[in-house]
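Read through the structure below, which is laid out as structure tokens, and then see the notes.
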Amino acid sequence: MERLIFHVDVNSAFLSWEAAKRVKMGLPDLRDIPSCIGGDPSKRTGIVVAKSIPAKKYGIQTGEPMAMAFRKCPNLVAVPSDFELYDKCSRAFKKICGSYAPVMESFSIDEVFLDMTGTSYIYPVATAHELKDKIRTELGFTVNIGISTNKLLAKMASDFEKPDKVHTLFPEEIPVKMWPLPVRELLFLGKSSEKKLQDAGIRTIGDLAHEKKAKIQALLGEKAGQQLYQYARGLDDSPVKAKPDEAKGFSLETTFNDDLVSLEQALPILLEQCDILAARMRRKKKKCTCISVTFRTLDFRNKSHQTKLPNATDITEEIYRNAQNLFQESWMRQPLRLLGVSLTGLTDDSFEQLSFFENTHKKERQQKLDAALDSIRLKYGNDKVTRASIMNSTARIGRKAKA
């Protein structure tokens, strides 16, 4: 049976969700005026996270500094991010999408894949329009829906003309709808790969699809070349997964608005990162055997340093002690713009090899402390309790986290 996949993508999600909320309050629709989400509107700091179509006409781009956006459009309406609202809207959006398919995969906060294979729907385009209109009517914001026989083509289709549209990209439509597109439009193809391909005279997705695979692999590397060559030909057999794969690790990075220049600034941030990651790991009933610290200097160079542990651990204090040592050994006191920690080499916490030289009483106290903090946070929220040595830190933990 041939697969039938929908990709549903909220149009300019953060701005749309804020706009829908404001419309209910009788306020102007942000989607109809030059507006954006991001930064601190009063100080004009931070970056543009999302923008309206009228704002785009002024040349405002996602990711640019707010100060630059205001120079392009002095009357720009800027609204700070509201992650509680985004979470609420995302849940409502996914609840409706999930009611249409036996299997739904959450691809991001504002995107899902629906595996419609074997459903009773005879007319997939009509069904997609029904779903799209239901979301707009009940929730007040719009989505695009792409339809195809695999995830790659469905996602490519949903990126066609926006907003509030349904598009198909079935295999027989690839020569007309996909191959004439610039090669940069191919999913997962980055700027570096684009430049290499263009320098080799490969400018469209069709050019890539019709080139020899060996040449693409020579240009982009064996693994990446193989994948992008397959994608250019519309080939993708990845399944729609209701549950994500088991986490291979936990990581958290913090980007700073101001340069970080001292240990007194860095160590409380490092401790907070270790505390957050260790708590996540304990919730998953995992322990780590490898800890790494990453930092970025002002020349945008990332440096990493890691250590393998003799015994797996999930204790915050042990993880922080190792992370602290790694940072102090590798940091040459250059001003930093980013600091991060990652925990990998995960194992099941049902087994632990104890060292003869370990202070078991101290370890038990640390485990009890971690358990108490986890319990309080679970009941009352993450912001209700923190470690004393973190409280003096003025830096703000960023949201670039993955697990």
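Considering Leu343, Leu271, which residue is closer than 29 Å to Ser106 by Cα and either crowded, with 17+ Cβ neighbours inside 10 Å or not hydrophobic (A, V, I, L, M, F, W, C) (or both)? Before the answer, list the steps.
Working: Leu271 fails: closer than 29 Å to Ser106 by Cα.
Result of the check over Leu343, Leu271: Leu343.
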Q: Could you grab me the full set of residues in the stretch 335-360 that are under 35 Å from the mean Cα position of the chain (by Cα), at pLDDT below 85 and not in a loop (DSSP other than H, G, I, E, B)?
A: Arg337, Asp348
Q.
So the check is Cβ under 7 Å with 6+ separation or different chains; which pairs have a first residue in the stretch 129-150 that's at positive phi and a second one that's small (Gly, Ala, Ser)?
A. Gly140/Ala20
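In the stretch 151-206, which helices (runs of 4 or more DSSP H) lie fully inside it and hold 1 or more residues that are touching an Asp or Glu at 6+ places or on another chain (Cβ under 8 Å) and among the charged types (D, E, K, R)?
151-158
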Q) Which of the residues that make up the stretch 283-321 are open to solvent by 40 Å² or more (accessible area, probe 1.4 Å) and part of a helix (DSSP H, G or I)? A) Arg283, Glu317, Arg321
**Q.** Where a residue in the stretch 56-71 is more than 18 Å from Pro163 (Cα to Cα) and its partner, wherever it lies, is open to solvent by 100 Å² or more (accessible area, probe 1.4 Å) and assigned to a loop (DSSP other than H, G, I, E, B), with Cβ under 7 Å and at least six apart
**A.** Met66/Arg44; Ala67/Arg44; Phe70/Arg44
Q: Return the pairs, sorted by first residue and then second, in which the second residue is surrounded by fewer than 15 Cβ atoms within 10 Å (Cβ to Cβ) and assigned to a strand (DSSP E or B), the first residue lies in the stretch 75-86 and is modelled with pLDDT under 95, the beta carbons are less than 7 Å apart, and the residues are 6+ apart or on different chains.
A: Pro80/Asp40
**Q.** Selection count, the stretch 29-49, where residues are part of a loop (DSSP other than H, G, I, E, B) and either in contact (Cβ under 8 Å) with a residue 12 or more places away in the chain or aromatic (Phe, Trp, Tyr) (or both)
**A.** 9
Q) Restricting the stretch 208-227 to residues that are closer than 20 Å to Phe170 by Cα and modelled with pLDDT of 95 or more, which is farthest from the chain's Cα centre (by Cα)? A) His210
Q. Residues Ile122, Ile174, Ile205: which one is under 27 Å from the mean Cα position of the chain (by Cα) and of a type in the set (A, V, I, L, M, F, W, C)?
A. Ile205
Q: Enumerate the strands (runs of 3 or more DSSP E) found wholly within the stretch 50-147, keeping only those where 2 or more residues are open to solvent by 30 Å² or more (accessible area, probe 1.4 Å).
A: 103-108
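The values are calculated or read from the model by the stated rules, or taken from the named source; none is laboratory data. Bear in mind that the values here come from a model prediction, so they are computed numbers and not experimental data. Heads up, the Cβs are rebuilt from the backbone with ideal geometry, glycines too, and the neighbour counts pull from every protein chain shown. Remember, those area values only see protein heavy atoms, side chains included, never the ligands or the DNA or RNA. Shrake-Rupley method; radii C 1.70, N 1.55, O 1.52, S 1.80 Å.
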